[in-house]
Ligand code: SF4
Ligand code: SF4
């Protein structure tokens with residue numbers, strides 16, 4: 001049986017606000033570190049700076065830190081959770097000694113999964129170049145995040161990408177779903193931050209003005225400052241065209 005008309009989809013990774021959860025956990029750690037190693041008031045804030053969704057080059061830093069390996073899907077593949085991760089960081093006012101991978105599991109190898117990488121085959125728009133880079137102007141997720149609007153490209157979603165949009169309000173995961181490193185259970189990721197249902201009423205979302213739309217998603221993965229009402233509305237329209 002098909003999905004009821006007018007409903008638009010939120011991908012599983014956006015049905016909780018994992019960024020908010022990560023910041024919450026790091027703040028807790030910062031308080032512990034502060035108690036153990038000092039730094040008061042302003043000094044504490046400066047010493048234990050939390051970076052999440054920030055302009056720092058998160059992926060290269062995560063790889064250099066030994067958290068994972070670069071994947072041909074353009075993401076960091078970790079031994080514990082494949083590429084089903086978000087990256088958040090905290091600065092420390094002291095140096096740490098290096099250690100091995102967190103879990104001690106063998107480091108993930110990208111590309112050993114099949115002669116033709118499943119992630120590349122699974123991408124509906126052919127956005128993965130095969131060398132770990134993404135042709136973002138072909139990537140559904142880039143447009144769903146408003147990447148083109150922020151970059152001021154002004155060209156909108158190209159017809160060949162719009163044709164593959166499906167019923168997505170937010171989140172394309174085809175390349176991740178195809179990756180063998182992303183199978184198996186995830187532990188330690190549960191959160192009740194920013195809960196969103198899998199399906200939302202697209203018509204209702206289109207009836208909301210900018211302020212109400214922002215209020216509707218406040219605290220959720222779709223409530224990020226960089227995700228404009230214009231971007232969300234465009235995704236809803238594209239998703240409804242799929243009916
Ligand atoms: S997010 Fe979607 S469109 Fe973008 S590279 Fe992955 S499968 Fe392709
Ligand atoms: S599907 Fe294969 S090639 Fe693609 S990211 Fe996963 S391991 Fe790498």
>> If the elastic network links every pair of Cα atoms under 10 Å, which of 196, 29, 51 fluctuates the most in the Gaussian network model of the chain?
In response: 29
> Among 34, 181, what is the fewest-to-most ranking by other Cβ atoms within 10 Å?
Replying inline: 34, 181
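State the Kirkwood hydrodynamic radius of region 104-218 in Å, one decimal place, computed from all pairs of distinct Cα atoms. Walk me through the numbers before you get to the answer.
Details: mean 1/r = 0.0589 Å⁻¹.
By the Kirkwood definition, the hydrodynamic radius is 17.0 Å.
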> Relative to the longest principal Cα axis of the chain, at what angle does helix 18-37 sit, 0 to 90 degrees, rounded to 10?
Replying inline: 10
> Hey, rough spin-label estimate for residue 237 and residue 56, points 7 angstrom out along Cα→Cβ, what's it come to in nanometres?
Replying inline: 3.8
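What is region 173-235's relative contact order, in percent, from Cα pairs under 8 angstrom and six or more apart in sequence? Walk me through the numbers before you get to the answer.
Details: 20 pairs, mean separation 18.9, N = 63.
Relative contact order of region 173-235: 30 percent.
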> Quick one: if the Förster radius is 25 Å, what FRET efficiency do residue 46 and residue 224 give, using the C-beta to C-beta distance and rounding to 0.05?
Replying inline: 0.55
>> Quick check: the angle from helix 229-241's long axis to the longest principal axis of the chain, C-alpha only, nearest 10 degrees?
In response: 50
> What is the list of residues in region 204-243 whose amide nitrogen lies under 20 Å from a point 7 angstrom out from the Cα of residue 189, following Cα to Cβ?
Replying inline: 220-224
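Thinking of the chain as a set of Cα atoms, what percent of all their pairs are more than 23 Å apart?
Beyond 23 Å sits 57 percent of the P(r) for the chain.
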> Which values of log₁₀ I(q)/I(0), to two decimal places, follow from the Debye formula for region 201-243 at q = 0.23, 0.32 Å⁻¹ with a uniform point scatterer at every Cα?
Replying inline: -0.74, -1.21
> Rg to Rh ratio, region 152-195, alpha-carbon atoms and Kirkwood radius?
Replying inline: 1.11
>> Restricting to Cα pairs below 8 Å that are 6+ residues apart, what does the relative contact order work out to for the chain? Please round to a whole percent.
In response: 31
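Every number here is computed from the coordinates shown, using simple stated rules; none is lab data. Everything numeric here is computed off the predicted structure, so don't read it as measured data. Because the Cβ atoms are built from the backbone with ideal geometry, glycine has one as well, and the counts that use them run over all protein chains shown.
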